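Below is one structure, written out as C-alpha cells; comments come after it.
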C-alpha cells in the first residue's frame with residue numbers, strides 16, 4: 001500500500017517538477033538578491049534615512065515591526081513574508097491540492113481506481129506532494145539567503161541569525177500546509193478543478209483581507225481570529241521574539257483537519 005502511494009506521488013511530482021523547480025529557483029534568486037539590496041542600503045547609509053522619512057503616526061500605527069523591516073535583517077528576510085511570495089506559494093499549494101478534482105473532471109480517477117488502489121491513497125499521495133514540494137521551495141529560499149550572506153555580504157553586516165531564518169521558513173511552511181489542507185477539502189467536494197481552485201483562492205483572499213482589517217481596525221479584531229493568517233506572525237520573529245509554538249500548531253492542526261476531512265469525504269462521495 002505504501003509503495004503504491006509512493007508511486008502515485010512520484011507520478012504527480014514528475015508532472016509538476018517544472019513548476020516546482022521553477023518557483024524554487026525564482027524565489028531562491030529573489031532571496032539572494034535581497035541580501036545584495038540590504039548590502040547596498042547599508043553602504044549607502046539608507047536605513048536611517050528611510051526611518052526618518054516615515055511619519056510618526058505611521059510608525060505608531062505599524063508598531064516596532066516598521067522599524068525592524070527597515071533594517072538589514074528586515075530586508076534580507078522580506079521574501080519570507082512578502083505578499084507576492086506568499087501568493088506564489090499558496091498558488092502552487094492550491095494547484096497541487098486540487099489535483100483530485102482534476103482527476104474526477106477528466107475521469108482519470110476511474111482508470112486509477114480500476115486497479116487495487118484505495119481512495120485514501122489518492123489523498124495520501126496529494127499530501128506527500130504538498131509536503132515534498134513545500135520543503136523543496138522553502139529549502140531553495142533558505143539556500144538563496146545563506147548563499148548571499150556567505151559569499152557577498154560584509155562580515156560586519158548585522159545579518160539575521162540561523163534561528164530567525166529557520167523560524168521564518170517554518171512559519172511560511174505552516175501557512176502553506178494549512179491552505180493545502182483547506183484546498184484539498186474543497187477539491188474533494190468538487191467535480192471541476194477550476195471551481196475548486198477558484199473557491200480556494202477566494203477563501204485565501206478573504207481570509208487575508210479579514211486578518212489585515214483585524215490588525216488595524218478594532219471592530220474586526222475578533223473576527224480576524226478565524227483567519228489562518230492571524231497566526232502568521234513573521235514580524236514578531238524579526239523584532240527579536242520567538243516563533244509562537246501555539247500559532248504554528250494552530251496552522252498545522254487546520255491543515256491536518258483538512259487532510260483528514262478530505263480522506264473521509266473522498267471515500268464516501270459518488271464519483
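Every read-out reported here was derived from the displayed coordinates using simple, explicitly stated rules and does not represent laboratory data. Nothing here was measured: the structure is a model prediction, and the numbers come from that model. Neighbour counts are summed over all protein chains in view; Cβ atoms, including those assigned to glycine, are modelled from backbone coordinates with ideal geometry.
How big is D for segment 72-144, in µm² s⁻¹ as a whole number, if Stokes-Einstein is applied with the Kirkwood radius of its Cα pairs at 20 °C and 1.002 mPa s?
Roughly 149 µm²/s, to the nearest whole number.
With angles folded into 0 to 90 degrees, how steeply does helix 119-151 sit against the dominant principal axis of the chain? Use alpha carbons for both and round to 10.
The answer is roughly 20 degrees.
With no solvent and one equal point scatterer per Cα, compute the Debye intensity ratio I(q)/I(0) for segment 71-214 at 0.11, 0.17 Å⁻¹ and report its log10, rounded to two decimals.
After summing over all Cα pairs, the log10 values are -0.51, -0.94.
Quick one: order 186, 264, 164 by neighbouring beta-carbon count within 10 Å, fewest to most.
Lowest to highest Cβ neighbour count: 264, 164, 186.
Looking only at 40, 72, 229, which one moves most when the chain is put into a Gaussian network model with springs between Cα atoms under 10 Å?
Highest fluctuation among the options: 40.
Quick one: Kirkwood hydrodynamic radius for the chain, alpha-carbon pairs, angstrom, one decimal? Before the final figure, lay out the partial values.
Numbers: mean 1/r = 0.0501 Å⁻¹.
Averaging 1/r across every pair of different Cα atoms and inverting gives 19.9 Å.
Remind me, relative contact order of the chain in percent, using alpha carbon pairs under 8 angstrom and six or more residues apart?
27 percent
If you rank 217, 146, 179 by fewest surrounding Cβ atoms within 10 Å, what's the result?
Working: 217 10, 146 16, 179 29.
Arranged by neighbour count, lowest to highest, 217, 146, 179 become 217, 146, 179.
Using Cα-only point scatterers and the Debye equation, what is log10 of I(q)/I(0) for segment 141-238 at each q in 0.11, 0.17, 0.20, 0.25 Å⁻¹, rounded to two decimals?
Debye curve over Cα of segment 141-238, log10 I(q)/I(0) at q = 0.11, 0.17, 0.20, 0.25 Å⁻¹: -0.50, -0.87, -0.99, -1.20.
Pulled fully out, how much extra length does the chain show between residue 112 and residue 156, if you take 0.36 nm times their separation in residues and subtract their Cα-Cα distance?
10.1 nm
How far is it, in nm, from the label point at residue 226 to the one at residue 170 when both lie 7 Å from their Cα along the line to the Cβ?
With each label placed 7 Å out from Cα toward Cβ, I get 3.0 nm.
Sum -39500 (n - 2.57) across every DSSP H segment of at least 4 residues in the chain, then divide by the residue count to get the 222 nm mean residue ellipticity, nearest 500.
The helix-only estimate for the chain comes to -25500 deg cm²/dmol at 222 nm.
Please determine, in degrees from 0 to 90 and to the nearest 10, the orientation of helix 83-97 with respect to the longest principal axis defined by the Cα atoms of the chain, where the helix direction is its Cα long axis.
So the helix axis and the longest Cα principal axis differ by about 10 degrees.
Over all distinct alpha-carbon pairs, what is the Kirkwood Rh of segment 208-263 in angstrom?
Evaluated over segment 208-263, this radius sits at 12.4 Å.
Percentage of Cα-Cα pair distances in segment 106-164 greater than 19 Å, rounded to whole percent?
Counting pairs separated by more than 19 Å, the tail of P(r) holds 56 percent.
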